[in-house]
Amino acid sequence: MSEENPQLPAVPPAAPRPRRVRRRNWLPSLVWLIPLIAAIIGVTLAVRILSDRGPQITITFRSAEGLEAGKTRVKYKDVNIGTVQSIRLSPDRTHIQAKVQLSKEAKSFTADDTRFWVVRPRVAASGVSGIGTLLSGAFIAADAGTSENTVDEFTGLEAPPIITRDASGKQFVIHADDLGSLDIGSPVYYRRIAVGQVAAYELNPDGKGITLRLFVNAPYDKFVGLNTRFWHASGLDVELNASGFKLRTQALATILLGGVAFRAPDDDFGAAAGENTEFQLAADEDTALKPPDGRAETLLLYFKQSLRGLAPGAAVDFRGVTLGEVKSIGVEYDAKAREFVMPVLVQIYPDRLGRKLLSGARSEVSNYNDRQRFEFFVKRGLRAQLRTGNLLTGQNYVALDFFPQAAPAPFDPNASPLVLPTIPGALDELQTQIGEIARKLSKVPFDQIGADLRTTLKTLDRTLNSAEQLTQHLNNDVAPEVTAAMKDVRKTLDSANKTLAEDAPLQQDLRQTLEEVSRAAGSLRVLTDYLERHPESLIRGKPEDAK
């Protein structure tokens, strides 16, 4: 048609109507390709999310402090295992409910013994924790449970647990009379090294004591044996008694946080203690480590003196060995004697007197029971005496000792409790003697003695005046005559000296006379000898010598 009419007409003919051709159904449009791909990706992601999604749980807390929906994480060992999805108030307005979406790998955290708590900055007995949350914000920490039962509702802890289940060590049960200064998180010491902490405590059902749970970390738990002793190491252990002043502490931290210490006597731990082994908590180290005391015996002592300085807990001593302690003191009126007496109840341990006394084969009291032994000892002079243990503090103690010179005292071995006779203390005896001296001195008539003394002094004064006058008289009258007599005596002595001198005539005449007397005595001796030989010469005479 274009070849027959090369030039177009001025008015174009009417255009033919277009023919609609329907596209085939199997050929997709490129316009829908992108949404289709997006939908496929979305479904894939949703399926993947759903397949990776873990269980959903609800955790209740007292408040939502630090929690925020969609942001607060749930962590275990600083690994995210879930996220808080929503937070709402409980119908009774007593707590909040936080819905947590856990990850798939955290499915085991639905065990019914799993624990959750909010980690935020805290200052507790165990120390300062959660400082890092000041910048990153609070999060919920988890402690995986071990139970096979699963739940989807949990009650969160208001404070972090002291011991988590992944900690290595052992728990032990400790019984105590009171809590003292201990608290959850208080340290446990072995030789002043912190080896554990207090995990929990509760009041006994009967209200007569406290039960604590201690956790000792490995490998220190091997030092806890059946012979191990535990005691309070809390704060400052100050002891002021008759022995003096003592101050002990385990570490500086125990002054503020308290603590528990343990050790075995003579380091003999015995067999290893198993999990949850029960022990008794002693008041101090000395009480914990002392040897077993055996059966206790209660004695009643009646004193007739002041008990000032004696208090419950004071020692009962036997020559330096502590046998027990004072339990109570009081006052009673003795109607028979019409006077007040001071009863003192003491508790002693007879086994401390020595094994040889109690079981020795040669001991004369080895076959006696405790009451018979006391009866025997009382007859030998056993008495109780109140003594001063510390002059600085004025504290007293009860001393048991033998006083052979003590007066006999009655003793009933069947009494309950046993009444042990007493004897006044040395200080009281001294005070009594001083009182007696004072009473005797008060009877001395000091006024009359003073008057007599004044009279005597006046008489003595007159005597002294007379003696002075006599002295003056002697000086004036007698002294010159005595001087003249002394001169005559001196002259007489001089004459005697001249007479007795060696060259004096009297001495020479006396020597000559003595010589004559000596010759006469010799002649008389010759005559006497001759007469003894010739007694007949007294009658006949001396014959003439033959020529």
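Coordinate-derived values only; no laboratory data. Note that the structure is predicted; figures quoted are calculated from it, not measured. Using ideal geometry, Cβ is built from the backbone for each residue, glycine included, and neighbour counts are taken over all protein chains shown.
Tabulated results
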{"item": "R0 of 35 Å, Cβ-Cβ distance GLU158-LEU226: FRET efficiency to nearest 0.05", "result": "0.45"}
{"item": "Neighbour net charge for GLN97 - beta-carbon separation under 10 angstrom, K R +1, D E -1", "result": "+1"}
{"item": "Kirkwood Rh in Å, taken over all unlike Cα pairs in segment 369-461", "result": "17.4 Å"}
{"item": "Protection proxy ranking, peptides 275-286, 104-115, 520-531, 147-158, average beta carbon neighbours within 10 Å, highest first", "result": "104-115, 275-286, 147-158, 520-531"}
{"item": "Mean separation of Cα contacts under 8 Å (6+ apart) over length of segment 304-344, as relative contact order %", "result": "36 percent"}
{"item": "Charge sum, other residues only, whose C-beta stays under 15 Å from PRO480's C-beta, Lys/Arg counted +1 and Asp/Glu -1", "result": "-2"}
{"item": "Cα-projected label distance for GLN56 with GLU468, points at 7 Å along beta-carbon direction, nm", "result": "13.1 nm"}
{"item": "14 Å beta-carbon shell around THR150, net charge (K/R +1, D/E -1)", "result": "-4"}
{"item": "Cα gyration tensor category, rounded, prolate or oblate, for segment 54-206 with a/c compared to 1.5", "result": "prolate"}
{"item": "Pairs from LYS75/LYS170; LYS327/LYS379; LYS75/LYS99; LYS75/LYS107 whose Cα-Cα separation, in the structure shown, is over 21 Å", "result": "LYS75/LYS170; LYS327/LYS379"}
